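Step one of this worksheet: look at the structure below.
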Amino acid sequence: MSMKEKQLYQIGTLAEKAQVNIQTIRYYERIKILAPKLRKDSKRVRFYDNDSLKTLLFIKNAQELGFQLDEIKDLLKLRSENTGRCDRVRKRASEKLENVQFKIKNLKAIEKNLKNLIDECETKKNQQECPILEGMEAHNE
């Protein structure tokens, strides 16, 4: 067995090394962001290499930073380019940061509203009234 063959992994081993589900790998293959390096036995048995593992880890890390799979596809394309990629990746990361900051602002507003509703509930005088439910009803009007 050559050195190159020793570095090939079947799907279960790759999933274990990347700490992902086998179905995740199959899904990534279907959407064409990951491909096996070798297929045997009428294409049923798939083999992956260290580049496949690096790609899976890249995807996981990008997801942890809030990137969606369609955005990750673009990042993977940029990853393989040599010229001008850093500026384009920085632009995408800046856009993602703006999106995250917007979400944080919205979450802080939700937090404030929930705290106010809970405070109102704790200081209520009438057991029949529920400021939290009333607050939710008022948001729908």
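The values are calculated or read from the model by the stated rules, or taken from the named source; none is laboratory data. What you see is a predicted model; the values in this text were computed from it and never measured. Using ideal geometry, Cβ is built from the backbone for each residue, glycine included, and neighbour counts are taken over all protein chains shown. Just the protein is used for accessible areas: all its heavy atoms, side chains included, with ligands, DNA and RNA removed. Shrake-Rupley method; radii C 1.70, N 1.55, O 1.52, S 1.80 Å.
Structure above, values below:
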{"item": "Euclidean distance of C-alpha centroids, the range 75-128 and the range 34-48, integer Å", "result": "39"}
{"item": "HN-Hα J in Hz across the range 16-31 - Karplus 6.51, -1.76, 1.60, θ = phi - 60°, x for Gly and Pro", "result": "5, 4, 8, 6, 10, 7, 4, 4, 5, 4, 4, 5, 4, 5, 4, 8"}
{"item": "Net length gained if the chain between Lys73 and Asp41 were fully extended (0.36 nm per residue, minus Cα distance)", "result": "8.6 nm"}
{"item": "Accessible area in square angstrom per residue, the range 94-141, 1.4 angstrom probe", "result": "92"}
{"item": "Max mean-square fluctuation residue, GNM over the chain, Cα-Cα springs under 10 Å, options Ile11, Ile25, Ile104", "result": "Ile104"}
{"item": "Distance between modelled label sites at Gln7 and Ile22, nm, 7 Å Cα→Cβ extension", "result": "2.6"}
{"item": "Carbon/sulfur fraction of accessible area - the chain, other protein chains in place, 1.4 Å, %", "result": "50"}
{"item": "Reciprocal mean inverse distance between Cα atoms of the range 55-122 - Kirkwood radius, Å", "result": "14.2"}
